[in-house]
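The values are calculated or read from the model by the stated rules, or taken from the named source; none is laboratory data. Predicted model, so just to flag it, every value in this text is computed and none were measured. As a convention, Cβ positions derive from the backbone with ideal geometry for all residues, glycine included, and neighbour counts pool all protein chains shown. Remember, those area values only see protein heavy atoms, side chains included, never the ligands or the DNA or RNA. Shrake-Rupley method; radii C 1.70, N 1.55, O 1.52, S 1.80 Å.
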Amino acid sequence: MNNDFKVIDDTLYSGIAAEDIIQRRKSPVIALIVALAGSALAVWSLTSDTMVDRGNLSSMLMLVGGLIAIVGFIKAGVTFSSAAPVYKPTGERIRRYEIYYQAADKPALCAAVSSGDMERLVNIPRNDKSSSLLLTLYATESGSFSMGQVSQYVPHAFEPVTDVVRFSAEQGKLAVGLV
């Protein structure tokens, strides 16, 4: 396989559209509030005067509060470490799509993607199941941004067989219809 092509996932933030794409993080405030509420429940169950005579209830509330706190802190950690790509001009989230094609359609598919011709791409029949030919497409819901790349399966991985191509806004609207 020709390894001269960069993988589309690696070029999302540094390739042909880097100036238009930002990473937007979610707010961890709700997860932290849940974690603090769980911690407060656990501490209250141990220190409350009303729980002195109810050892089993106190232990159960401490366990439940501790579990809620752990889940909240884990969710906050996940939120801190994850980010979604966003198309800066419109503020829309960019989603990743995978579309499979028959291996026999490789020349037509590569030609359509390389030329940025979404009309030809729409007319190529798709394969509903996993296949050896994959079109990876990043696009917003409105089609204001879209880019794609064709990859072919070689043992144990998909390897790119075209460059990453950014489609025009008009072509992007057709790309959204494709998925």
Matching option when the condition is of a type in the set (D, E, K, R) and within 19 Å of Thr11 (Cα to Cα), among Asp163, Asp117, Asp105: Asp163
Look at Thr140 and say whether it is closer than 30 Å to Ala31 by Cβ, among the hydroxyl-bearing types (Ser, Thr, Tyr) and open to solvent by less than 10 Å² (accessible area, probe 1.4 Å). yes
Filtering the range 113-136 down to residues that are in contact with a strand residue (DSSP E or B) (Cβ under 9 Å, 6 or more places away or on another chain), of a type outside the set (S, T, N, Q) and not in a loop (DSSP other than H, G, I, E, B) yields Val113, Met118, Leu121, Arg126, Leu133, Leu134, Leu135
Go through the range 122-137 and report how many residues are at pLDDT 85 or above and either open to solvent by less than 30 Å² (accessible area, probe 1.4 Å) or within 24 Å of Pro85 (Cα to Cα) (or both). 6
Just to check your reading of the model, which residue among Leu57, Leu32, Leu36, Leu61 is under 35 Å from the mean Cα position of the chain (by Cα), among the aliphatic types (A, V, I, L, M) and open to solvent by less than 80 Å² (accessible area, probe 1.4 Å)? Leu32
Do we have Val7 as within 30 Å of Ser114 (Cα to Cα) and surrounded by 13 or more Cβ atoms within 10 Å (Cβ to Cβ) here? yes
Any pair with Cβ under 8 angstrom, 6 or more apart, that starts in the range 1-27 at a residue that is under 30 Å from Lys75 (Cα atoms) and among the aliphatic types (A, V, I, L, M) and ends at one that is open to solvent by 100 Å² or more (accessible area, probe 1.4 Å) and modelled with pLDDT of 75 or more: Ile21/Lys88; Ile22/Lys88
Here's a check for you: in the range 93-110, which residue that is open to solvent by less than 40 Å² (accessible area, probe 1.4 Å) and either in contact (Cβ under 8 Å) with a residue 60 or more places away in the chain or not in a helix (DSSP H, G or I) (or both) is farthest from Val176 (Cα to Cα)? Tyr101
From the options Lys173, Lys88, residue that is modelled with pLDDT under 85 and either open to solvent by less than 70 Å² (accessible area, probe 1.4 Å) or of a type outside the set (Asp, Glu) (or both): Lys173
